[in-house]
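The values are calculated or read from the model by the stated rules, or taken from the named source; none is laboratory data. Everything numeric here is computed off the predicted structure, so don't read it as measured data. All Cβ positions, glycine included, derive from the backbone under ideal geometry; neighbour counts span all protein chains shown. Quick note on the areas: whole protein, heavy atoms, side chains included, nothing else; ligands and nucleic acids left out. Shrake-Rupley method; radii C 1.70, N 1.55, O 1.52, S 1.80 Å.
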2 protein chains.
Amino acid sequence: MNVREVIAKKRDRGEHSEAELQFLVEGYVRGDVADYQMSAWLMAVFLHGMSAAETATLTRLMVESGDVLAFPELPGKKVDKHSTGGVGDLVSLPLAPLVAAAGVFVPMISGRGLGHTGGTLDKLESIKGLRTGLEPDEFRSVLTEVGFAMGGQTAQLAPADKKMYALRDVTGTVESIPLIVSSILSKKVAEGIDGLVLDVKCGRGAFMKNEEDALALAQELTRVGNLMGKNVRAFITNMDTPLGNAIGNALEVEVAIACLKGNGPTDTMELVSTLGQAMICLADKAATWEESEALFQKALQSGEGWNAFVSMVKLQGGDVSMVENPNTLPGAPVHKDVLAANAGFVTDIDPFGVGEAVVALGGGRQKAEDSIHPGVGVRLHRKVGESCEAGESLATVLAKDEETAKQASARVEGAIKTGSEAPPEEKLVRYLVTADGYEPWLGAKTWDSQST
Amino acid sequence: MNVREVIAKKRDRGEHSEAELQFLVEGYVRGDVADYQMSAWLMAVFLHGMSAAETATLTRLMVESGDVLAFPELPGKKVDKHSTGGVGDLVSLPLAPLVAAAGVFVPMISGRGLGHTGGTLDKLESIKGLRTGLEPDEFRSVLTEVGFAMGGQTAQLAPADKKMYALRDVTGTVESIPLIVSSILSKKVAEGIDGLVLDVKCGRGAFMKNEEDALALAQELTRVGNLMGKNVRAFITNMDTPLGNAIGNALEVEVAIACLKGNGPTDTMELVSTLGQAMICLADKAATWEESEALFQKALQSGEGWNAFVSMVKLQGGDVSMVENPNTLPGAPVHKDVLAANAGFVTDIDPFGVGEAVVALGGGRQKAEDSIHPGVGVRLHRKVGESCEAGESLATVLAKDEETAKQASARVEGAIKTGSEAPPEEKLVRYLVTADGYEPWLGAKTWDSQST
């Protein structure tokens, strides 16, 4: 076998054997297959696609390129969640401790923000001292003690994915469903999970702009996940407007704390509870949606979720006083309000515009190597559909200086539209997707029928 | 502009602007565009193609990436020939001196053999002392004095092509018509020519296996050549059987000498005269095919073509006594005959099999860095359609040792088929292709109608 032949096979629309994919992935990690050969193959995959079986094999080889975590000593099924990335989406922060408090072990490996979407690790690190670069032993000990742990992808976890993703990023081969699926699933499968709940965002602020693309990605994620022996469900959720009421790293930690204390924003809590209940079900802790709701609510209302979060912060080296007193979280010196020109209703908030404003404030990254400012961001005082008075503040920009405050507030102003009539309400959770197909999300009815 | 966007444009079937191609080619030569980015783009071009206008722009940029030769001090139009490569195809060796003797300046830059096809430079270098690595000044002085010169692609000639070809070779992106066209034409246009005759081989022993593919390549070569302001004609010629009666480096020099002395193999001479007359016409030395035939025959029969060849050998440092006494050309110690099992006719000689036998003998290269043996090869005593007696030698293998002689003669034996009936005769020159279309080749009638 030689590399040229393997590349030529995909170029000519062939289906790869396991041996060919193994030759390619192992060779690439070893350095026998050059970057320029891998990128030619990636472009051929981008243009001709891969079958679910090929993608599952590729994913498995990417998992096997590094360490695979396993927690046989911990009882029950391990479950995690992955989101394709949105604006104001801090769901992982309250979700993991709540699900852990419901008795499910959640070994959560997260990423950093890039472009207009935020990343869980950046948010967590706005808590002074909190370490996310956990080695496997520490990750295991936090998981064992608290029921969940939150770390980043180490060099040993799916290194093939790390190397291939960096290459895709500079060769125009990012937006390919089989390559996205293998990248997402390889990192998650390497965590040693049994089940996975996916939040595939759909809309202007998401990677997938329309339902068709979001469903196609979700369908392939669940199919390939199933072929790999994992129990996978995907939700298609709305990202045509920011989630929650704050965007920025420390700001979102503050919202996460509110969620854990039972007073989070309605939309954020709807998403946390939906994803959380699905995780509880996939872990076989509940037989029906109603049962999982009871477990989830108990974890929330008893304060056990909150306690788990505080324990994780403590064990991962974070300053517990900071989460107990969120007003001590990093802030920003300059606050600038975006005012409503007229009385009426907020008719639209463009998540992309708000996300880009936060990046411009220094709260996100243009390039992977950029450093970020934890305290900057945007507070939204009105959500889409809410009424406003003329001159009232619709949003506040938190900036490190006047200059960036000015730029960002202009962007936020451009992103928020008002009008005389309230727009029709949009559904947040739109579809449930399984390996067999998808259905509009109607809560218990949809879940229970899909699961039986 | 950034590289990712340019790659993504071709990935999404876009048509490149001149600025985009310039950004890519100049950036690649400078090192700002990485190999892995160029190879992703090459794969996108392989799969989505390029318009003739894009290919012409790419070709021009590849030409401009290095030195461009020009010979304004030499009178008349400069014309060259290029072949896509065959087995036993030594045409360049007698062609260039004959056309030069007819009064046309031929600045010929040739290549080396790779795989089962031979290369002009390797053949020439079997003449002791002959240098093909000519710097521009020496190339010009040989051309001026003799009317033609035979050199190799220097590092300064179309360096973008050199770098891109090396990358295509290892990334499965060789067999792409726009990329082949730009590679061929960039080297030829950089020679400072006005006209170009192309020999696009078609058949088992050629890069293009069938007429459809050969015609598509020839059509694009003539179209793009025209867009670049060059007068280009292409012939589709048969490569389902080796050309001439010997394959191997020194062996083919011997055949070339026979051609120049008026006693070359019929098929080789048919091709030399067809391509030569076309070159004479493109240089405006003859108004009709008949006139160009007269000029060509005069160059041959007067011995002026032969004299020009000898002068070139001398000026390029070669041992003239060796071409004057071809039996002093490099030979091989072991000769092994391939015998006819039965009386009858030779019905088939597979050029690929014979070419591979010569590579196995050490007369060709598997990889670009392999060294070659000038004296080894295969003499064919019978051509397809000729009769044979049982036990008669059909071919002789010339080898450096018994071991390779045995292997190669088995391959040659497998490549030659005999039968009780002579096969139907196949046409050697099949089509004439211009930028406007193609017609079956019927000699003067076709040429004169296409040219008016």
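Here is the figure for segment A:28-60: residues that are open to solvent by 10 Å² or more (accessible area, probe 1.4 Å), over 20 Å from residue A:185 (Cα atoms) and in a helix (DSSP H, G or I) total 6.
With A:218, A:158, A:214, A:206 as the choices, which residue is of a type in the set (A, V, I, L, M) and at positive phi? Write out each step before concluding.
On the way: A:218 fails: at positive phi; A:214 fails: at positive phi; A:206 fails: at positive phi.
The match here is A:158.
Condition test on residue A:11, is it over 32 Å from the mean Cα position of the chain (by Cα) and closer than 17 Å to residue A:171 by Cα? Spelling it out, residue A:11 is indeed over 32 Å from the mean Cα position of the chain (by Cα) and closer than 17 Å to residue A:171 by Cα. Is there a residue in segment B:419-429 that is touching a residue at least 40 places away in the same chain (Cβ under 8 Å), part of a strand (DSSP E or B), not small (Gly, Ala, Ser) and not assigned by TED's automatic domain parsing to the domain that holds residue B:342? Yes - at least one qualifying residue is present in segment B:419-429.
The sole residue among B:166, B:160 that is in contact (Cβ under 8 Å) with a residue 12 or more places away in the chain and either among the basic types (Lys, Arg) or outside the structural domain of residue B:363 (by TED's automatic domain parsing) (or both) is B:160.
Of all residues in segment B:197-216, those being over 15 Å from residue B:177 (Cα atoms), touching a strand residue (DSSP E or B) at 6+ places or on another chain (Cβ under 7 Å) and of a type outside the set (D, E, K, R) number 2. Considering B:298, B:314, B:336, the condition of being modelled with pLDDT of 95 or more and in a strand (DSSP E or B) is satisfied by B:336 alone.
Given B:206, B:283, which one is aliphatic (A, V, I, L, M) and either more than 30 Å from residue B:60 (Cβ to Cβ) or under 14 Å from the mean Cα position of the chain (by Cα) (or both)? If you could, list the steps in order and put the result at the bottom.
Values: B:283 fails: either more than 30 Å from residue B:60 (Cβ to Cβ) or under 14 Å from the mean Cα position of the chain (by Cα) (or both).
Exactly one of B:206, B:283 is aliphatic (A, V, I, L, M) and either more than 30 Å from residue B:60 (Cβ to Cβ) or under 14 Å from the mean Cα position of the chain (by Cα) (or both), namely B:206.
When you scan segment B:141-152, do you find a residue that is under 30 Å from residue B:41 (Cα atoms) and either of a type outside the set (S, T, N, Q) or out of contact with any strand residue (DSSP E or B) (no Cβ under 6 Å at 6 or more places or on another chain) (or both), even just one? Yes: segment B:141-152 contains one or more residues that are under 30 Å from residue B:41 (Cα atoms) and either of a type outside the set (S, T, N, Q) or out of contact with any strand residue (DSSP E or B) (no Cβ under 6 Å at 6 or more places or on another chain) (or both). Taking the conditions exactly as written (under 30 Å from residue A:238 (Cα atoms), within 14 Å of another protein chain (Cβ to nearest Cβ) and either small (Gly, Ala, Ser) or in contact with a helix residue (DSSP H, G or I) (Cβ under 7 Å, 6 or more places away or on another chain) (or both)), does residue A:48 satisfy them or not? Against the criterion (under 30 Å from residue A:238 (Cα atoms), within 14 Å of another protein chain (Cβ to nearest Cβ) and either small (Gly, Ala, Ser) or in contact with a helix residue (DSSP H, G or I) (Cβ under 7 Å, 6 or more places away or on another chain) (or both)), residue A:48 qualifies.
Test residue B:191 against the criterion of being at pLDDT below 95, out of contact with any Cys (no Cβ under 8 Å at 6 or more places or on another chain) and either farther than 22 Å from residue B:25 by Cα or of a type in the set (Gly, Ala, Ser) (or both), and give yes or no.
Numbers: at pLDDT below 95: yes; out of contact with any Cys (no Cβ under 8 Å at 6 or more places or on another chain): yes; either farther than 22 Å from residue B:25 by Cα or of a type in the set (Gly, Ala, Ser) (or both): no.
Spelling it out, it is not the case that residue B:191 is at pLDDT below 95, out of contact with any Cys (no Cβ under 8 Å at 6 or more places or on another chain) and either farther than 22 Å from residue B:25 by Cα or of a type in the set (Gly, Ala, Ser) (or both).
With respect to the stated conditions, residue A:5 fails to be open to solvent by 20 Å² or more (accessible area, probe 1.4 Å) and more than 14 Å from chain B (Cβ to nearest Cβ).
Is it the case that residue A:272 is of a type outside the set (Gly, Ala, Ser) and touching a helix residue (DSSP H, G or I) at 6+ places or on another chain (Cβ under 7 Å)? Answer is yes for this residue. If the condition is being facing chain A (nearest Cβ under 10 Å) and part of a helix (DSSP H, G or I), then segment B:9-27 contributes B:9, B:10, B:11. Scanning segment B:270-295 for residues that are open to solvent by 20 Å² or more (accessible area, probe 1.4 Å) and in a loop (DSSP other than H, G, I, E, B) turns up B:284, B:285, B:287, B:288.
Taking residue B:248, is it within 17 Å of the chain's Cα centre (by Cα), surrounded by 24 or more Cβ atoms within 10 Å (Cβ to Cβ), of a type outside the set (Asp, Glu) and modelled with pLDDT of 95 or more? Yes. The residues listed here are A:413, A:389, A:403, A:421; of these, the one that is among the charged types (D, E, K, R) and surrounded by 12 or more Cβ atoms within 10 Å (Cβ to Cβ) is A:413. Annotation note: Cβ proximity below 7 Å between a residue of segment B:440-452 that is at positive phi and a residue that is modelled with pLDDT of 95 or more (sequence gap 6+ or interchain) occurs for B:443/B:289. Checking each residue of segment A:81-98 against the condition of being open to solvent by 30 Å² or more (accessible area, probe 1.4 Å) and part of a helix (DSSP H, G or I) gives no match. When residue B:177 is tested against (1) out of contact with any strand residue (DSSP E or B) (no Cβ under 6 Å at 6 or more places or on another chain); (2) aliphatic (A, V, I, L, M); (3) farther than 30 Å from residue B:349 by Cα; (4) touching a residue at least 40 places away in the same chain (Cβ under 8 Å), only condition (3) is not met. For segment B:193-228, filtered to residues that are open to solvent by 10 Å² or more (accessible area, probe 1.4 Å), among the aliphatic types (A, V, I, L, M) and in a helix (DSSP H, G or I), the residue that is farthest from residue B:430 (Cα to Cα) is B:227.
Condition check ((1) out of contact with any helix residue (DSSP H, G or I) (no Cβ under 8 Å at 6 or more places or on another chain); (2) under 25 Å from residue B:309 (Cβ atoms); (3) free of Cβ contacts under 8 Å to residues at least 24 places away in the same chain) across all residues:
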{"position": "B:223", "(1), (2), (3)": "no, no, no"}
{"position": "B:228", "(1), (2), (3)": "no, no, no"}
{"position": "B:233", "(1), (2), (3)": "no, yes, no"}
{"position": "B:238", "(1), (2), (3)": "yes, no, no"}
{"position": "B:242", "(1), (2), (3)": "no, yes, no"}
{"position": "B:267", "(1), (2), (3)": "yes, yes, no"}
